[in-house]
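Please read the structure below before turning to the comments.
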Amino acid sequence: MASCMVKEQGFRSYRMYLAVITRAGSRHYEIRQSLPDKKGGRYHYRVLFDLGRDPGRYINHPTDDICYFSAKLEDSLAAHTRRDPTSLLEELLWDFLPREEKYRLERFRHRGRARVSPLSEQERAAIEKEVHLFDRRRLYYLRYGAVDQSKIFGLNVKLYRPLLNKCRDEREYYFMDMEKVLHYNELKTYVFAIFDLQRHFGELVSATMPEALNQNDIADYFIEDICRLNGDPLFWSKQSGEISLHHHLIRYIIMFFDHGYGRRSLFDDFTREFMGRHRAFQWPQKKPNVSSSDAASIFGTDWQSLSRMNKKELTRLYRQRAKDLHPDGGGEHEQFVELNAAYVSLMIRKK
């Protein structure tokens with residue numbers, strides 16, 4: 001599920017997202033937008049464009065080098081935003097773009113991302129008011145893989161920010177997209193965790209090994225809890241009056257009854273715990289090792305001058321040399337590569 005926040009001067013921040021609906025065994029696609037009600041409180045959605053069963057038919061690809069969206073589709077989105085509708089559609093319909101177009105756009109897709117700013121007081125208040133406990137449980141498991149939900153309120157509050165300014169419908173598509181990373185062997189454990197079914201049991205293993213509990217009792221408690229959530233007015237923006245289970249909750253019925261817990265080992269538990277505690281872990285990059293004589297030669301100045309330069313002065317010299325050595329300016333590729341390696345090496349030494 002793709003989602004785009006529209007932030008522009010003169011417009012309020014209304015979101016657009018791609019909704020996928022299953023009808024008569026086939027998928028149907030709509031571009032929707034989250035909007036607050038007239039009182040500025042709960043959010044609901046409206047359909048901006050019905051894409052039908054095949055969004056690809058609104059993508060024209062006459063040659064390998066040309067790809068554009070239909071004017072009808074772009075005009076429909078342009079009426080609700082001041083952003084370029086083409087860039088919005090590239091995000092919303094990314095999965096339907098031709099492979100060549102994805103490759104071309106991928107190089108620029110993640111550039112210029114804004115720094116994550118601290119939460120404002122308004123955002124903190126909105127999170128406290130709007131983010132349901134069931135949403136918190138899902139994020140907690142998807143972030144840390146924790147079956148035991150007892151430390152849920154220790155979760156970094158910033159992780160709830162993506163849920164703000166979204167209607168319930170868009171939030172569910174957001175979670176559906178995140179749940180794609182789950183292995184089929186952990187789907188039932190996931191449901192056990194997010195419905196906090198361990199609270200119904202007093203056994204010591206209830207927080208970590210649901211497969212060791214009475215499965216009939218777990219199923220009974222699960223049905224009770226999902227029915228309770230189905231009728232929770234704090235979870236849904238409005239009640240439809242339907243007695244049947246909401247279509248966004250049906251996937252959890254399937255996860256629970258159509259899957260097992262899967263085989264677990266000590267190594268699996270260790271790996272899950274390690275990943276949960278080291279989500280930001282990366283292997284250290286190999287530091288380039290360039291000698292002082294080579295650095296002086298490629299920069300065209302003596303080593304003593306280079307060593308006395310601060311980062312700003314070194315960067316200025318690097319840019320001057322890059323203009324001379326860049327292949328597009330008549331330079332040689334190998335020398336340009338050596339210049340970059342020397343620059344990185346010197347900048348590391350100056351840290």
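So, in the range 1-14, of the ones that are open to solvent by 30 Å² or more (accessible area, probe 1.4 Å) and touching a His at 6+ places or on another chain (Cβ under 9 Å), which residue ends up modelled with the lowest pLDDT? It comes out as Phe11. For the range 65-104, filtering for residues that are without any contact (Cβ under 8 Å) to a residue 40 or more places away in the chain, part of a loop (DSSP other than H, G, I, E, B) and surrounded by fewer than 15 Cβ atoms within 10 Å (Cβ to Cβ) leaves 5.
The residue list Tyr17, Tyr45, Tyr29 contains one member that is open to solvent by 80 Å² or more (accessible area, probe 1.4 Å), in contact with a strand residue (DSSP E or B) (Cβ under 9 Å, 6 or more places away or on another chain), hydroxyl-bearing (Ser, Thr, Tyr) and not in a loop (DSSP other than H, G, I, E, B), which is Tyr45.
Counted as qualifying within the range 137-243 are the helices (runs of 4 or more DSSP H) with 2 or more residues that are aliphatic (A, V, I, L, M) and more than 28 Å from the chain's Cα centre (by Cα), namely 215-230. If Ser117 meets every condition in (1) hydroxyl-bearing (Ser, Thr, Tyr); (2) modelled with pLDDT of 85 or more; (3) surrounded by fewer than 19 Cβ atoms within 10 Å (Cβ to Cβ) apart from one, which number is that one? In the conditions (1) hydroxyl-bearing (Ser, Thr, Tyr); (2) modelled with pLDDT of 85 or more; (3) surrounded by fewer than 19 Cβ atoms within 10 Å (Cβ to Cβ), Ser117 misses (2) alone.
For the range 263-351, which fully contained helices (runs of 4 or more DSSP H) count at least 1 residues that are at pLDDT 80 or above? It comes to 292-299, 303-308, 311-325, 333-349. From the list Asp54, Asp50, the one residue that fits, being loosely packed, with under 14 Cβ neighbours inside 10 Å and within 12 Å of Phe96 (Cβ to Cβ), is Asp54. When the residues of the range 180-206 are filtered to those that are open to solvent by less than 20 Å² (accessible area, probe 1.4 Å) and of a type in the set (Gly, Ala, Ser), the one that is nearest to Phe134 (Cα to Cα) is Ala193.
Condition first: over 11 Å from Lys350 (Cβ atoms), open to solvent by less than 80 Å² (accessible area, probe 1.4 Å) and under 41 Å from the mean Cα position of the chain (by Cα). Now tell me which residues in the range 296-320 satisfy that.
So the first thing to find is which residues in the range 296-320 are over 11 Å from Lys350 (Cβ atoms), and the list is 296-305, 316-320.
So of that shortlist, the ones also open to solvent by less than 80 Å² (accessible area, probe 1.4 Å) come out as 296, 298-302, 305, 317-318.
Of everything in the range 296-320, those that are over 11 Å from Lys350 (Cβ atoms), open to solvent by less than 80 Å² (accessible area, probe 1.4 Å) and under 41 Å from the mean Cα position of the chain (by Cα) turn out to be Leu317, Tyr318.
The values are calculated or read from the model by the stated rules, or taken from the named source; none is laboratory data. Computed from a predicted structure; not experimentally measured. Neighbour counts are summed over all protein chains in view; Cβ atoms, including those assigned to glycine, are modelled from backbone coordinates with ideal geometry. Surface accessibility is based on the protein's heavy atoms, side chains included, excluding ligands, DNA and RNA. Shrake-Rupley method; radii C 1.70, N 1.55, O 1.52, S 1.80 Å.
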